[in-house]
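Q: This is the structure, below, for whatever I ask next.
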Amino acid sequence: MDVAEELFGQLGFEATSTRSIALKADVKLGTVHYHFASKRQLFIEVFMRRGRPLAAERLRLLQEARKQWPGSPIPLVELIRRLLSPLVQLALTPEGAAFVNLNARLTSEPPDLAQEVRDRLHNEIAPHFVSAFREALPHLPDEVVYWRIYLMMVVITSTMLKSERLSFMSGGKCDSDDLQMAMKQMVPFIEAGLRAPLP
């Protein structure tokens, strides 16, 4: 599963074969098929292995915030941090870096596969976060809040891909691999976008 996570994250679902996974993992191809009936099932299980704990941690942090601010909206900056920090913390670990890359690539995977992964991972916690963001932004119409949450997720996904474009554009002054700095920059940027006046 470690090898599959690495290859799926580097090459994507379509370009990664179960044979290449077996070769790199130094196991027989039959072993892969024995444990996972298909490449699709393997991809989903690889995603769930770290995705479920990530989702659970995000939900735990949100519930903790609910207790910290009972009877009032959770501050917007806290919501953003509690959504972001588990992903950034995971990315900073050796075992989590490959998963974060895999997660960032999900938008380029076959739509039905990507949707199945999202449904399994996010359907349970997404409504809780959406509700909290709506409470924190009561002056905005619901459809605007939904758009801005969607755009926030695009920013997070793009940033976690760690494009070399940032280094090129800044003449080497900024490093997209510096995820702690990325978090420091994303939180106020996202907050400003969420709070922006209506168009």
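Coordinate-derived values only; no laboratory data. What you see is a predicted model, and the numbers here were worked out from it, not measured in a lab.
Q: Just to confirm my numbers, what's the Cα centroid distance between region 64-127 and region 153-199 in Å?
A: Each part reduced to its Cα centre gives a spacing of 16 Å.
Q: If you stretched the chain out fully between GLN185 and ALA15, how much longer would it get, using 0.36 nm times the residue separation minus the C-alpha to C-alpha distance?
A: 57.9 nm
Q: In addition: Under 20 Å Cα to Cα from LYS162, which aspartates and glutamates show up? Leave out anything in the same chain fewer than 8 places away.
A: Straight-line reach from LYS162, under 20 Å: GLU5, GLU6, GLU95, GLU109, ASP175, ASP177, ASP178.
Q: Also: Shape call for region 50-195 from the C-alpha gyration tensor, a ≥ b ≥ c root eigenvalues: rounded (a/c under 1.5), prolate (a/b greater than b/c) or oblate?
A: Verdict is prolate for region 50-195.
Q: Mind checking which of GLY12, GLY96, GLY71 has the largest fluctuation in a GNM of the chain, springs on alpha carbons under 10 Å?
A: GLY71
Q: Which lysines have a Cα less than 16 Å from the Cα of LYS28, not counting those fewer than 8 places away in the same chain?
A: Straight-line reach from LYS28, under 16 Å: LYS39.
Q: Still on this structure: When the Karplus curve 6.51 cos²θ - 1.76 cosθ + 1.60 is applied with θ = phi - 60°, which whole-Hz ³J(HN,Hα) does each residue of region 192-197 get, with x for Gly and Pro?
A: 4, x, 5, 8, 3, x
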